[in-house]
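Novice: Have a look at the structure that comes next, please.
Nothing in this text is a laboratory measurement; each read-out follows from the coordinates by a stated rule. In this text the structure is predicted, and so the values were computed from the model without any measurement. Glycine gets a Cβ as well: all are built from the backbone with ideal geometry, and neighbour counts include every protein chain shown.
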Amino acid sequence: MSLYHHVPNKAALLRGVTNLVARQFRPKSGDGTWQEQLHSVAHGFRALAHQHPNLIEHSFANPSSIDREDPFWTALTGILHTAGVPPTDVAPVAAVITSLFSGYLIAEVNGTLGRLAAMQPALESAESAGAPGAVADGDRGFELAMQTLILGLEAQLTRGRQPGPGLAIT
């Protein structure tokens, strides 16, 4: 009860805790290519999510906890600018990347990703039901997600640099 002498309500308390944890995130940006920087920032964000799994779920379930001065957002938008994303597209592209990261991380920390990775497609034959690799490898899955994201962004940037308006987001 004494906490409420310092904060107006539970939402403000949770926002304060979220901001405190977010400030622990110290992305190393500026070294390497934009692809390497994005990879590094994503891994740092993933490590923080694993340290505070309940907080990552809370943060992305409550839009009021999202802060424009958040170190992840600041690093991500800087990397996208360095990558050559047109200024008008930096925020929308960063929003999509953040959503992809957060969705992956929430599914990873709450066990959904492991369960999905262990399921065999309904159309597969009975022979492959126990195929090796059915159990999720979080590191391997995260690398696949990062590679897919980076290759997709590279393709969009290449297409966006051809004659025509801005980044070709389709």
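Novice: Under a plain spin-label model, where a point goes 7 Å from the Cα along Cα-to-Cβ, how far apart in nm are V7 and E143?
Specialist: The modelled label-to-label distance comes out at 3.9 nm.
Novice: If contacts are Cα pairs under 8 angstrom and at least 6 residues apart, what is the relative contact order of the stretch 32-123 in percent?
Specialist: 34
Novice: Continuing with this model, one more query. Taking the Cβ of Q147 as the centre, find all other residues whose Cβ is under 11 Å away and add up their charges (Lys, Arg: +1; Asp, Glu: -1).
Specialist: Charge balance near Q147 sits at -1.
Novice: Which FRET efficiency value, to the nearest 0.05, is calculated for E36 and A118 with the Förster distance at 41 angstrom and r the Cβ-Cβ distance?
Specialist: That pair, E36 with A118, gives E of 0.85.
Novice: Next question, about the same structure. Given R₀ = 45 Å, what would the calculated FRET efficiency be for Q24 paired with T88, taking r from the Cβ atoms and rounding to 0.05?
Specialist: Once the sixth-power term is evaluated, E becomes 0.90.
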